[in-house]
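Below is one structure, written out as structure tokens; comments come after it.
Just so it is clear, none of the values below were taken in a lab; they were calculated from the coordinates. For clarity, every value in this text was computed on a predicted model and none was experimentally measured. Here Cβ is always computed from backbone atoms with ideal geometry, including for glycine, and neighbour counts include all displayed protein chains.
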Amino acid sequence: MPSLIYVIVISVLFGIGQLLVVAYFAQCQRGFRWAAGSRDQERPPLTGVAARLERAQRNFFETYAFFIALALVLLWLPDASDYGALFAWLYLASRILYLPLYAIGVGPWRSLSWLLAMLSLVGMAISILWL
């Protein structure tokens, strides 16, 4: 089985995990009654770690469609290079690292992790175009 299938599945599990973590922290701040309710009322803004986790999740989802598109193209191409898969793993590792760095507020390292993820997407695209 190609390595790209593993990275796609792990990225989906990571996305689901992020959703659950953000939901948990949001419920801790807003309370169970709000989480279990209809949510028709104005929702109170998250603060602190919960707010940073929510922003990190949003940031992940902003780049995830690009990642999936590139990963699927790499899977589809019969003669795709191993560099594409390497960049896919690097993207995922950077995104996983980004979450705790953002949550605890480590600014420069978080930014470097984000940059590495973006460069990995570019690397995936170049590995497709280089064929």
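Structural remarks
- For the range 95-111, Karplus couplings with θ = phi - 60° (6.51, -1.76, 1.60), whole Hz, Gly/Pro x: 5, 5, 5, 4, 4, x, 5, 6, 4, 8, x, 8, x, x, 5, 4, 5
- Estimated D of the range 3-129 in µm² per second, where Rh is the Kirkwood radius over Cα pairs and Stokes-Einstein applies at 37 °C, 0.692 mPa s: 209 µm²/s
- In this simple spin-label model, placing a label point 7 Å from the Cα along the Cα-to-Cβ direction at both Leu77 and Phe14 gives a separation of 2.1 nm.
- Estimated [θ] at 222 nm from DSSP helical runs (n ≥ 4, -39500 (n - 2.57)) normalised by residues in the chain, nearest 500: -28500 deg cm²/dmol
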